[in-house]
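J.: Pasting a structure below so you can have a look.
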Amino acid sequence: MKKLYTIIKFPSFETKNGALTMFQEGKNAGEVPFTIKRTLVTKCTESSEPRGAHTHHQSRQVFMVLSGGCDVELDNGAEKTTVTLSHPEEGLVLEPYVWHVMKNFKKDTVTLALFDSLYDEKDYIRNYEEFKKCLKK
């Protein structure tokens, strides 16, 4: 069964002018564990409907909150959990076949998702029942 998630702690530096958080690919702790081929930035409001509600056949991603916060519900078919993200230095690594739903957005939440592949609609599973069938194969 797929591991539900891993958290990456990205390097973050506080100064009197603000904070700097660095995202780079590499094999060390605090680095994105794949070559970044696509990024998505999303701005949500407190009244935003849940987002996500899908998984991927092959794509890996790192999901983070740049400002604000939200809950991410995760399901690998054997276990479920909810992770709360609210700091840009925390990256949630999602492997293929982990169903994810983002919800409970704080006001003006901005998220960033980094992917190891280019967009391909065929990589998405958007129906939960289909997801469960894929896990049985």
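J.: Which residue pairs have Cβ atoms under 6 Å apart, sit 6 or more places apart or on different chains, and have a first residue in the stretch 84-105 that is without any contact (Cβ under 8 Å) to a residue 60 or more places away in the chain and a second that is of a type in the set (Gly, Ala, Ser)?
T.: Ser86/Gly69; His100/Gly52; Val101/Gly52; Val101/Ala53; Met102/Gly52
J.: Go through (1) closer than 19 Å to Phe115 by Cβ; (2) of a type outside the set (Lys, Arg); (3) touching a helix residue (DSSP H, G or I) at 6+ places or on another chain (Cβ under 7 Å) and name the single condition Gly77 misses.
T.: (1)
J.: I've got another one for you. Could you list all residues from the stretch 107-137 that are on the phi > 0 side of the Ramachandran plot and either at pLDDT 95 or above or surrounded by 15 or more Cβ atoms within 10 Å (Cβ to Cβ) (or both)? Show your work before the answer.
T.: Initial filter on the stretch 107-137 (on the phi > 0 side of the Ramachandran plot): 108.
None; the set is empty.
J.: Under the condition of being assigned to a loop (DSSP other than H, G, I, E, B) and among the small types (Gly, Ala, Ser), which residue from the stretch 15-31 is farthest from Phe105 (Cα to Cα)? Walk me through how you get there before you give the answer.
T.: In the first step, residues of the stretch 15-31 are kept if they are assigned to a loop (DSSP other than H, G, I, E, B); the result is 16-17, 22-24, 26-31.
Then keep just the ones that are among the small types (Gly, Ala, Ser); that gives 26, 29-30.
Details: Gly26: 30, Ala29: 28, Gly30: 25 Å.
In this case the residue turns out to be Gly26.
J.: A further question on this structure: Filter the stretch 85-108 down to the residues that are touching a Cys at 6+ places or on another chain (Cβ under 7 Å) and among the aromatic types (Phe, Trp, Tyr), then identify the one that is farthest from Leu20 (Cα to Cα).
T.: Here the residue is Tyr97.
J.: If you go through the stretch 54-76, how many residues are among the small types (Gly, Ala, Ser) and surrounded by 17 or more Cβ atoms within 10 Å (Cβ to Cβ)? Break it down stepwise before answering.
T.: First pass over the stretch 54-76, keeping only residues among the small types (Gly, Ala, Ser): 59, 67-69.
When the remaining residues are screened for being surrounded by 17 or more Cβ atoms within 10 Å (Cβ to Cβ), the result is 59, 68.
Matching residues across the stretch 54-76 total 2.
J.: Here is a further query. Could you list all residues from the stretch 78-95 that are surrounded by fewer than 16 Cβ atoms within 10 Å (Cβ to Cβ) and either of a type in the set (A, V, I, L, M, F, W, C) or within 20 Å of Arg126 (Cβ to Cβ) (or both)?
T.: If the condition is that a residue be surrounded by fewer than 16 Cβ atoms within 10 Å (Cβ to Cβ) and either of a type in the set (A, V, I, L, M, F, W, C) or within 20 Å of Arg126 (Cβ to Cβ) (or both), then Ala78, Lys80 are the ones that fit.
J.: OK, next. Under 15 Å from Asn104 (Cβ atoms), surrounded by 13 or more Cβ atoms within 10 Å (Cβ to Cβ) and out of contact with any helix residue (DSSP H, G or I) (no Cβ under 6 Å at 6 or more places or on another chain), is that true of Ser12? Give the derivation first.
T.: Numbers: under 15 Å from Asn104 (Cβ atoms): no; surrounded by 13 or more Cβ atoms within 10 Å (Cβ to Cβ): yes; out of contact with any helix residue (DSSP H, G or I) (no Cβ under 6 Å at 6 or more places or on another chain): yes.
No: the conditions fail for Ser12.
J.: Same structure, new question: Tell me whether the stretch 25-39 contains one or more residues that are surrounded by 14 or more Cβ atoms within 10 Å (Cβ to Cβ), without any contact (Cβ under 8 Å) to a residue 24 or more places away in the chain and either under 29 Å from Lys132 (Cβ atoms) or small (Gly, Ala, Ser) (or both).
T.: yes
J.: Still on this structure, please answer the following. Would you please name the residue that is nearest to Tyr119 (Cα to Cα), looking only at residues in the stretch 32-52 that are modelled with pLDDT of 95 or more and not in a strand (DSSP E or B)?
T.: Lys37
J.: I would also like to ask the following. Could you run through the stretch 128-137 and say how many residues are within 10 Å of Trp99 (Cα to Cα) and either in contact with a helix residue (DSSP H, G or I) (Cβ under 8 Å, 6 or more places away or on another chain) or of a type outside the set (Lys, Arg) (or both)? Quick ask: steps written out before the conclusion?
T.: Step one: list which residues in the stretch 128-137 are within 10 Å of Trp99 (Cα to Cα), which gives 128, 131-132.
Of the ones still in play, those that are also either in contact with a helix residue (DSSP H, G or I) (Cβ under 8 Å, 6 or more places away or on another chain) or of a type outside the set (Lys, Arg) (or both) are 128, 131.
Residues that pass the stated criteria total 2.
The values are calculated or read from the model by the stated rules, or taken from the named source; none is laboratory data. Nothing here was measured: the structure is a model prediction, and the numbers come from that model. Cβ atoms come from the backbone with ideal geometry, glycine included; neighbour counts cover every protein chain shown.
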